[in-house]
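A short write-up of the structure that comes next.
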Amino acid sequence: MRDLAAHLSERALGVDASGIRKVFDLAAKLKDPINLSIGLPDFDVPDEAKDVAIQAIRDGHNRYTPTQGIAPLRERLASDHACDVDNVLVTSGVSGGLFLSILATVNPGDEVVFLDPYFVMYRHLVTIAGGKSVPVDSYPDFRFDAAKVEAAITPRTKLLILNSPSNPTGVMMTEAEVRAAAELAKKHDLLVVSDEIYVPFLYGEATTVPSIADLWPKTILLRGFSKTYGMTGWRLGYAIAPREVAEQMIKLQQYTFVCAPSPFQHAALAALDIPVDDHITAYRRKRDIVMSELGETFEIEHPDGAFYAFPKVPESQTAMQFAERMIEKNVLVIPGSVFSAKDTHFRLSFGLPDERLIVGCKRLRDAAS
Ligand code: PMP
């Protein structure tokens with residue numbers, strides 16, 4: 001009899017998740033750690049949205065919906081984004097939108113360019129599609145440098161993925177950077193995926209991000225509900241895409257996810273009218289706590305959005321070693337190598353109660369000095 005590994009696909013085995021698994025294995029041994037590693041907010045779904053979800057279940061919205069999503073939600077999103085309803089697809093989280101975007105566009109051997117550090121899923125989905133990830137080093141300030149990105153573009157480049165505000169750095173692209181990215185996409189005629197899941201976690205004056213979707217029509221815009229409304233388990237997001245691309249994504253959704261969860265699509269429509277300003281104010285304060293607690297000890301780019309900071313570890317150790325040392329102090333952070341070719345920084349998520357965040361920051365500071 002053959003070993004079970006012989007039954008597994010090269011596609012599955014080609015996805016290397018060892019970095020993050022090592023951290024989770026170590027973390028599983030801890031009792032009530034200060035968990036600065038999680039990529040989700042500490043608040044729950046607003047009650048009004050919960051009520052709508054419960055009512056939708058009672059009203060029998062428990063069957064498949066049209067693959068592209070329920071009409072009222074798509075119409076609302078089309079109106080919000082000033083596009084045609086045919087451009088809108090409701091997805092199973094932004095993860096679902098990323099999966100469909102990449103599967104609909106990337107052929108084996110095609111290259112996909114994105115900044116390093118990056119959201120891990122990009123690399124793995126490109127691998128699954130048989131494509132080649134081309135991460136562009138953005139250290140030390142994590143900014144979009146058009147010249148560096150252009151140097152990575154080849155005739156095989158199929159997609160450029162942007163993520164602003166960024167996971168894991170919290171850095172937000174400026175208007176000038178977005179314009180430069182759009183010019184690059186135009187010059188090389190590239191399709192762009194713009195992952196904007198962390199809108200509206202923005203801590204400056206602006207209540208929205210400059211988006212390449214407003215400048216370059218060959219853009220697949222991905223937005224979510226998971227983080228904004230604390231509904232990561234409800235699996236909802238959406239894509240706004242050029243019609244020909246949307247059609248292919250819808251076809252692929254038909255044969256994979258089928259549709260996003262029905263009752264939650266109704267709740268998401270209601271959620272769009274629920275203000276989240278209080279959460280944003282609280283998260284701006286948490287960002288400020290991180291910067292005032294850690295800013296003098298660590299080299300950190302100021303996070304303008306999302307709920308992450310990406311400090312540099314002290315010179316004498318790798319980020320993995322630093323994360324392991326922090327586990328001994330009952331604090332969880334994620335080493336940069338999970339998001340990057342480098343292992344010099346670590347990601348901390350500030351989506352937890354202030355008191356615990358402060359204790360976590362103090363322990364990080366003590367470990368570094
Ligand atoms: N994009 C980025 C940058 C993320 O950080 C995440 C969640 N960690 C996602 C997409 C996926 O989120 P979801 O599938 O819950 O919408």
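The values are calculated or read from the model by the stated rules, or taken from the named source; none is laboratory data. Being a predicted model, the structure only gives us computed values, none of them experimental. With ideal geometry, Cβ positions are generated from the backbone for all residues, glycine too; neighbour counts draw on all protein chains shown.
Quick check, is residue 357 of a type in the set (A, V, I, L, M, F, W, C), crowded, with 17+ Cβ neighbours inside 10 Å and outside any helix (DSSP H, G or I)? Here the answer is no, as residue 357 does not meet what is asked. Number of residues in the stretch 195-206 that are crowded, with 24+ Cβ neighbours inside 10 Å and part of a strand (DSSP E or B): the value is 1.
Checked against (1) away from the ligand (no atom under 16 Å from the Cβ); (2) outside any helix (DSSP H, G or I); (3) of a type outside the set (Ser, Thr, Tyr); (4) buried (at least 18 other Cβ atoms within 10 Å of the Cβ), residue 170 passes all but condition (1). For the condition more than 21 Å from residue 136 (Cβ to Cβ) and of a type in the set (Ser, Thr, Tyr), residue 318 qualifies.
Of all residues in the stretch 267-322, those satisfying the criterion of being in contact with a Ser or Thr (Cβ under 8 Å, 6 or more places away or on another chain) and part of a loop (DSSP other than H, G, I, E, B) are 276, 297, 301, 303, 306, 307, 310, 313, 318.
Among the residues of the stretch 134-156, just one is more than 30 Å from residue 298 (Cα to Cα) and hydroxyl-bearing (Ser, Thr, Tyr), namely 154. All told, residue 154 meets the bar of being more than 22 Å from residue 335 (Cα to Cα) and either aliphatic (A, V, I, L, M) or more than 16 Å from the ligand (Cβ to nearest atom) (or both).
Rundown of residues vs (1) at positive phi; (2) β-branched (Val, Ile, Thr); (3) out of contact with any Gly (no Cβ under 7 Å at 6 or more places or on another chain); (4) away from the ligand (no atom under 16 Å from the Cβ), yes/no style:
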site	(1), (2), (3), (4)
112	no, yes, no, no
135	no, no, yes, no
150	no, no, yes, yes
159	no, no, yes, no
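Picking from residues in the stretch 207-241 that are aliphatic (A, V, I, L, M) and within 10 Å of the ligand (Cβ to nearest atom), the one that is surrounded by the most Cβ atoms within 10 Å (Cβ to Cβ) is 222. Would it be correct to say that residue 100 is more than 21 Å from residue 308 (Cα to Cα) and more than 9 Å from the ligand (Cβ to nearest atom)? When the stated conditions are applied, residue 100 passes them. For the stretch 146-161, does any single residue satisfy the condition of being within 30 Å of residue 266 (Cβ to Cβ) and either part of a helix (DSSP H, G or I) or touching a strand residue (DSSP E or B) at 6+ places or on another chain (Cβ under 8 Å) (or both)? For the stretch 146-161, residues within 30 Å of residue 266 (Cβ to Cβ) and either part of a helix (DSSP H, G or I) or touching a strand residue (DSSP E or B) at 6+ places or on another chain (Cβ under 8 Å) (or both): absent.
How many residues, within the stretch 323-349, are in a loop (DSSP other than H, G, I, E, B) and of a type in the set (A, V, I, L, M)? Summing the residues that are in a loop (DSSP other than H, G, I, E, B) and of a type in the set (A, V, I, L, M) in the stretch 323-349 gives 2. Between 125, 159, 115, the distinction of being crowded, with 20+ Cβ neighbours inside 10 Å and closer than 23 Å to residue 301 by Cα belongs to 115 only.
In the stretch 53-70, of all residues being of a type in the set (Gly, Ala, Ser) and surrounded by 20 or more Cβ atoms within 10 Å (Cβ to Cβ), the one that is nearest to the ligand (Cβ to nearest atom) corresponds to 69. Taking residue 323, is it at pLDDT below 95 and surrounded by 22 or more Cβ atoms within 10 Å (Cβ to Cβ)? The answer is yes for residue 323.
Rundown of residues vs (1) touching a Gly at 6+ places or on another chain (Cβ under 6 Å); (2) in contact (Cβ under 8 Å) with a residue 12 or more places away in the chain, yes/no style:
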position: 176; (1), (2): no, no
position: 190; (1), (2): no, yes
position: 205; (1), (2): no, no
position: 229; (1), (2): no, yes
position: 235; (1), (2): yes, yes
position: 238; (1), (2): no, yes
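Scanning the stretch 59-83 for residues that are within 18 Å of residue 256 (Cβ to Cβ) and within 24 Å of the chain's Cα centre (by Cα) yields a total of 3. Are there any pairs, at least 6 apart or on different chains, whose C-beta atoms fall under 7 Å, with the first in the stretch 142-157 and among the basic types (Lys, Arg) and the second buried (at least 16 other Cβ atoms within 10 Å of the Cβ), and if so, which? Between residues of the stretch 142-157 that are among the basic types (Lys, Arg) and residues that are buried (at least 16 other Cβ atoms within 10 Å of the Cβ), the close pairs are 143/171; 143/177; 148/136; 156/110; 156/111.
Can you find, within the stretch 71-102, the residue that is farthest from residue 53 (Cα to Cα) among those that are surrounded by fewer than 24 Cβ atoms within 10 Å (Cβ to Cβ) and touching a Cys at 6+ places or on another chain (Cβ under 9 Å)? Looking at the filtered set, the residue picked out is 77.
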